[in-house]
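Engineer: Dumping the structure here so I can ask a few things about it.
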Amino acid sequence: MLKKSSLALLGAALFLAWNGLLLLFLWGRPGAAPALQRAQPGSSRLQLPAQLLQLAQDAEAELRLQRELLLQIQRLSRLQRQKAPPKTPKTPQNTPKPAEEEELVIPVLVLACDRSSVRRCLDKILRYRPSARRFPVIVSQDCGHAETAAVIASYGAAVAHIRQPDLSDVPVPPEHRKFQGYYKISRHYRWALGQVFRTFRYRAAIVVEDDLEVAPDFFEYFQAVLPLLREDRSLWCASAWNDNGKEALVDAGRAELLYRTDFFPGLGWLLLAELWEELEAKWPPAFWDDWMRQPEQRRGRACVRPEVSRTMTFGRKGVSHGQFYDQYLKFIKLNDRFVPFTQMDLSYLKKEPYERFFLQQVYSAPEIRLEELQKDPAGDPGPVRLQYRGRDSFKALAKALGLMDDLKSGVPRAGYHGIVSFVCRGRRVFLAPPSDWTGYDPSWS
């Protein structure tokens, strides 16, 4: 645009110069002298100034016209520069994007076997995912069940269908013959996660099983917590599940609440490729989820979990034969309110600020007895603390309150620093060890 403006100004200058030369030519042409010579002697002194005046007036008029034309050209040039969009330099194709502009692709790995009800799981995932490009769905099928394979195939290109190639029985110790299913599940997990991180080379993945239904903000939640996992090495996973997420035990009106937990929840969880690189070589032959809860794997790290679950299970039938399902799992409340997590500041979940706030909140809450808690709250309905002093004390209180009372390597479900946060009769309650707590006792299992 600047080049065009310069050419326009040069053209105007040349036009003015040409007109000046033309006036000089007319002034000096031969026909002008006879006209003066034909003038009467008495009138020559009057006619010469008149002709000079006329020529000067004509020249002045011409100059005014050229000046106006020049100003119009300048105004037009400025207007075009204002309207023209700024040109951005072309970026070479091999120049990498800045890190903040990169969008990490996060596949959803669905582990399936012989449940044709996988359709319920896939329908909700495909309904709620915000982008097919950012969240490709990979269904890894074990078992070779034809009906389930047909259901998965019916989704066409919407999902990638991969099949675990080894369908043979897994050699197991004689005392574990009835646990053959757990060995096959662990083998399937290892193969499927290897495909995601080794073959397809993704850098993060969300893992779900075929009997889970996801909430409307399932993807929003994982998008928001992913940066935390990448920044805070004291976190090793994020889970969509609250083990004590029964409707009577959560504050459904505070679905935005998130916590750190020392207990590995599973049931819809996010991990990074770096974690798989750490775990793959020592992956267990069976009971992979309880293995994840051992101190040797957890290594003091925590997971993020929600107040209100973003998954629920509808799979009563399975290798566990409905263990916990009728008592706990079927009562888990699935969140139904979309929370814009990606627009929220979740830095409070980093280890140091979280512990400062959370531990102060817990141990500043007044301690009460179970009998007082089970009465209708009188007066201040603020948070309270129930204290346990040993394994049996914890299990008795948890059972009385409807919490899951089992411990894995000494860690209570949904617990952090031994503290389990829940709601009872509309009050926030912290089931907590003494403030001088020094760590988990793995013998509490």
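Engineer: So which strands (runs of 3 or more DSSP E) stay within region 99-189 end to end and still have 1 or more residues that are of a type in the set (Ser, Thr, Tyr) and closer than 30 Å to Arg230 by Cβ?
Structural biologist: 137-141
Engineer: Could you please find all residues in region 364-390 being open to solvent by less than 80 Å² (accessible area, probe 1.4 Å) and within 30 Å of Gln294 (Cβ to Cβ)?
Structural biologist: The answer is Arg385, Leu386, Gln387, Tyr388, Gly390.
Engineer: Here's something else I'd like to know. Quickly run through region 339-355 and pick out the residues that are among the β-branched types (Val, Ile, Thr) and assigned to a loop (DSSP other than H, G, I, E, B).
Structural biologist: Val339
Engineer: Has region 344-363 got any residue that is touching an Asp or Glu at 6+ places or on another chain (Cβ under 6 Å) and open to solvent by 50 Å² or more (accessible area, probe 1.4 Å)?
Structural biologist: Yes, some residue in region 344-363 is touching an Asp or Glu at 6+ places or on another chain (Cβ under 6 Å) and open to solvent by 50 Å² or more (accessible area, probe 1.4 Å).
Engineer: Among residues belonging to region 225-235 that are of a type outside the set (Val, Ile, Thr) and assigned to a helix (DSSP H, G or I), point out the one that is farthest from the chain's Cα centre (by Cα).
Structural biologist: Filtering region 225-235 for residues that are of a type outside the set (Val, Ile, Thr) and assigned to a helix (DSSP H, G or I), the one farthest from the chain's Cα centre (by Cα) comes out as Glu231.
Engineer: Hey, among the residues in region 406-424 that are closer than 17 Å to Ser435 by Cβ and within 28 Å of the chain's Cα centre (by Cα), which one's most open to solvent (accessible area, probe 1.4 Å)?
Structural biologist: His417
Engineer: Inside region 129-154, can you point out the residues that are hydroxyl-bearing (Ser, Thr, Tyr) and crowded, with 17+ Cβ neighbours inside 10 Å?
Structural biologist: Once the filter is applied, which keeps residues that are hydroxyl-bearing (Ser, Thr, Tyr) and crowded, with 17+ Cβ neighbours inside 10 Å, region 129-154 yields Ser140, Thr148.
The values are calculated or read from the model by the stated rules, or taken from the named source; none is laboratory data. Here the structure is a predicted model, which means the values were calculated and not measured. Using ideal geometry, Cβ is built from the backbone for each residue, glycine included, and neighbour counts are taken over all protein chains shown. Calculation scope for accessible area: heavy atoms of the full protein, side chains included, ligands and nucleic acids excluded. Shrake-Rupley method; radii C 1.70, N 1.55, O 1.52, S 1.80 Å.
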